[in-house]
């Protein structure tokens, strides 16, 4: 279980009617996939947002896109999972 404080760059081309997608990737740097593999839990909600969370000017949409982002380096193949949060600006 992890508790994180996140930030992300925003694309303001469509301001003030913008919808932002913030991607968080969690990757192993110390262990290759020979030793460690991250997997999303399926039997429960894998990503939970703090109850009562408020974001100035934005509504956090309920849907979150979960995925995998395996990384390949000279030192090997490293496990990576990602979640995409969708934020819609309040008018």
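The values are calculated or read from the model by the stated rules, or taken from the named source; none is laboratory data. Note that the coordinates shown come from a computational prediction; the quantities given were computed from them, not determined experimentally. Positions of Cβ are backbone-derived with ideal geometry, glycine not excepted, and every protein chain shown enters the neighbour counts.
A few comments on the model shown:
- In summary, strands (runs of 3 or more DSSP E) completely within segment 35-91 and bearing 2 or more residues that are touching a residue at least 24 places away in the same chain (Cβ under 8 Å) and out of contact with any strand residue (DSSP E or B) (no Cβ under 7 Å at 6 or more places or on another chain) occur at 76-78.
- Within segment 35-68, the set of residues being under 25 Å from residue 13 (Cβ atoms) and surrounded by 10 or more Cβ atoms within 10 Å (Cβ to Cβ) comprises 55, 57, 58, 59, 60, 61, 64, 65, 67.
- Complete set of residues in segment 1-28 that are farther than 14 Å from residue 87 by Cα, at pLDDT 90 or above and part of a loop (DSSP other than H, G, I, E, B): 13, 28
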